[in-house]
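Let me begin by presenting the structure, written as structure tokens, before commenting on it.
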């Protein structure tokens, strides 16, 4: 317990399960008045679930919450806000077709008999924006005209416009410039002084060490530790998040990649992919590091034909003639496979069975005159399912009921079903527990050992360092540098990932 | 493996059991209330009524499977019938085969139009087929000069032919149902439809191009409507530009009663056929117990809503 200050929020043994996943397992958490309590953990560790429970968007399966000593179980977001609990979401969820002012006061528009008083709305909004340090934003323009970072600031301003005792900030700085982040930190200091408790979720360790009073680490739905921020270092937080250096072990034997399998030249798609060129060899794992939004996913999608390319050519093996890859079906025909970033939205057919999901891309090979040989289908799906060690109640179980790790293995099964030569894995282990993660790593090493080419996008730098032969670093759509194994350091990779941001941030502040 | 199969079969049978029980209950109810309901004539009458709506419902099931909708089937049926009738009346050599081929081509053409626009510009099929609904209906009036055209015997022969007491149109409709169900559950094409209806972006990223598949589905729906037009025209021995008015909504209702999801990814042709039977039995039975058209419509509407609610709760009870 935090000595000398009042406990605002006290969570006791909170649990929450989704079908097939224990999102939170008996988590204790407390927040004192005037405190910034950081919540850290990998994706899928349970941070979002916990914050959604606190702000009333989800209800826990078990456990109890208390707010200033009284029982607290909000029936919904509005109920939570009435108690002074306000959350700023990671993704701006403003309504683009309404004005800034209307968005700020959406659920409490000044009105008379239902008719909105727009002048009053605008005037109040102007005060709110000024108080949040962004007086230059005009409250009467449409949200769709704002940049993402401005939208984020408006959301924060809107949260501050409510009387909040508890403020939850989920990755607030993800899309902010440095200057805007400083504004946010200033606001946080002001709120702290007023006795507001802040729950701060972020992946940026420097920020956490700087702004937080206490840090709670979640891993796979369980609380690992709560410690005072001064006693923590960045390295220690990372180790707590990842767990016992598990990922750092087993770097595998060094591979000796073969001839060039894929050559990309001058790939271009808007601002997200700028003149990207590289080569990847057979039997090589080529990693792609960078910040969120640095264009890694977009680069992969452009190579795979999922997005239209504005320019750029793709060469297979030692061919001097570029190959036209204008759609994913072209890419698959050329021996590529993509494991998409968002497996639930872009990969899985959730209500369908494991068999259905795995066999989807090999149906043509399993069919005679268009009729599927169901015995053969079952056998091939079973083979892949057991090769990948998919834990299910049988291959007829809907994938929606599987855990994240097993869902990802189903996706990998589909990727492997046609025996591709070039595999693009976008965030292959996001939100997956350590056990399944190790299995996926050893699968990737096996594939490289068989002479396949793997392009791996990951926001988990440790993962890339452990797995890759080379790591390409992207920043703001540009491929800044490719590190060979043994030449890289975390600092050098991070410096490359930030390189474009540093130059533009400076330019931005000069302009402002 | 055989255990798996049979449990799958049993599961399928249970899926239909609810509808079969409902159908039986309706027949029982009307048999007790109307003296003449449980007669050969009643069922022959129903068998005569349903072939064209059955064809439309088969096509509609395919469209709904991919998460689309086809509002134009009624009008396309009207237009294909109008073309059939008008060409038959020109009395040139081989008029009937040419007219039949033309009717089918019209159906395919309308479906192709729907498919091309929907897929190429990624438009909601609701809007595109709403447009086609007006286009085809207008064209049907133009072709027939807004008059019902009596054709007579040549085309009537199709409806008069019978096999084991069942008329040829009914047999054709039944064959379409069986073929449709086999395609949906046993072929690569059918599997792709389910996949597209479940998550089209996932299908695209897995390397299967959904576009030609979707175009084909709309063409199939148009073709089914055209076959429906032939069966309809044959029974009445005339081409009415108003033929098939409101058929699209009946077909959607039958399909949804049959357990097909409007969101795509889930459905059954056999279910749609049972839905057609339920609507037809309800309509005929209500008429026989003396219900007027307005009250018939109210009751049919309630049945549709009830069927969807039952489906919703049945599915939810399966979830944890």
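Odds and ends about this structure:
- Verdict on residue A:279 being in a strand (DSSP E or B), closer than 28 Å to residue A:484 by Cβ, more than 10 Å from every other protein chain (Cβ to nearest Cβ) and free of Cβ contacts under 8 Å to residues at least 40 places away in the same chain: yes
- Unmet criterion (only one of (1) farther than 11 Å from residue A:399 by Cα; (2) facing chain B (nearest Cβ under 7 Å)) for residue A:310: (2)
- Candidate set from the range A:328-342 (those that are under 25 Å from the mean Cα position of the chain (by Cα) and at the interface with another protein chain (Cβ under 7 Å from one of its Cβ atoms)); member that is nearest to residue A:454 (Cα to Cα): A:338
- Qualifying residue in the range A:442-453 (condition: over 25 Å from residue A:17 (Cα atoms), in a loop (DSSP other than H, G, I, E, B), within 14 Å of another protein chain (Cβ to nearest Cβ) and out of contact with any helix residue (DSSP H, G or I) (no Cβ under 9 Å at 6 or more places or on another chain)): no
- Test: residue in the range B:264-271 that is part of a loop (DSSP other than H, G, I, E, B), away from chain A (no Cβ under 14 Å), within 24 Å of residue A:356 (Cα to Cα) and in contact with a helix residue (DSSP H, G or I) (Cβ under 9 Å, 6 or more places away or on another chain): yes
- Every condition in (1) at the interface with chain B (Cβ under 9 Å from one of its Cβ atoms); (2) out of contact with any helix residue (DSSP H, G or I) (no Cβ under 6 Å at 6 or more places or on another chain) is met by residue A:323 except one, and the failing one is (1).
- Residues of the range B:132-164 classified as modelled with pLDDT under 80 and crowded, with 21+ Cβ neighbours inside 10 Å, total: 2
- Residues within the range B:172-188 that are touching a helix residue (DSSP H, G or I) at 6+ places or on another chain (Cβ under 9 Å) and more than 10 Å from chain A (Cβ to nearest Cβ), tallied: 10
- Residues of the range A:421-446 that turn out to be farther than 17 Å from residue A:343 by Cβ, buried (at least 21 other Cβ atoms within 10 Å of the Cβ) and at pLDDT below 95, as a count: 0
- Here the range A:300-321 is the region considered, the condition is being touching a residue at least 40 places away in the same chain (Cβ under 8 Å) and in a loop (DSSP other than H, G, I, E, B), and the residue that is surrounded by the most Cβ atoms within 10 Å (Cβ to Cβ) is A:309.
- Residues in the range A:481-499 that are within 13 Å of residue A:294 (Cα to Cα), in contact (Cβ under 8 Å) with a residue 60 or more places away in the chain and surrounded by fewer than 19 Cβ atoms within 10 Å (Cβ to Cβ): A:498 only.
- Test: residue in the range A:453-464 that is without any contact (Cβ under 8 Å) to a residue 40 or more places away in the chain and surrounded by fewer than 22 Cβ atoms within 10 Å (Cβ to Cβ): no
- Subset tally (residues that are more than 8 Å from chain A (Cβ to nearest Cβ) and closer than 17 Å to residue A:363 by Cα) for the range B:201-219: 3
- Taking (1) modelled with pLDDT under 90; (2) outside any helix (DSSP H, G or I); (3) within 14 Å of chain B (Cβ to nearest Cβ) in turn, residue A:254 satisfies each apart from (3).
- Residue, farthest from residue A:301 (Cα to Cα), within the range A:399-423, restricted to residues that are at the interface with chain B (Cβ under 9 Å from one of its Cβ atoms) and touching a helix residue (DSSP H, G or I) at 6+ places or on another chain (Cβ under 9 Å): A:418
- Every listed requirement among (1) in contact with a helix residue (DSSP H, G or I) (Cβ under 7 Å, 6 or more places away or on another chain); (2) part of a helix (DSSP H, G or I) is met by residue A:217 save one, (2).
- So residue B:191, is it at the interface with chain A (Cβ under 7 Å from one of its Cβ atoms), touching a helix residue (DSSP H, G or I) at 6+ places or on another chain (Cβ under 7 Å) and farther than 14 Å from residue A:329 by Cβ: yes
- When the residues of the range A:343-368 are filtered to those that are loosely packed, with under 15 Cβ neighbours inside 10 Å and more than 9 Å from chain B (Cβ to nearest Cβ), the one that is farthest from residue A:403 (Cα to Cα) is A:368.
- Residue within the range A:380-396 that is buried (at least 18 other Cβ atoms within 10 Å of the Cβ) and free of Cβ contacts under 8 Å to residues at least 12 places away in the same chain present: no
- In the range A:373-398, of all residues being touching a strand residue (DSSP E or B) at 6+ places or on another chain (Cβ under 7 Å) and under 21 Å from residue B:199 (Cα atoms), the one that is farthest from the other protein chains (Cβ to nearest Cβ) corresponds to A:397.
- Scanning the range B:246-263 for residues that are assigned to a loop (DSSP other than H, G, I, E, B) and under 18 Å from residue B:314 (Cα atoms) yields B:258, B:259, B:260, B:261, B:262, B:263.
The values are calculated or read from the model by the stated rules, or taken from the named source; none is laboratory data. Only a predicted model underlies this, so the values are computations on that prediction, with no experimental measurement involved. Heads up, the Cβs are rebuilt from the backbone with ideal geometry, glycines too, and the neighbour counts pull from every protein chain shown.
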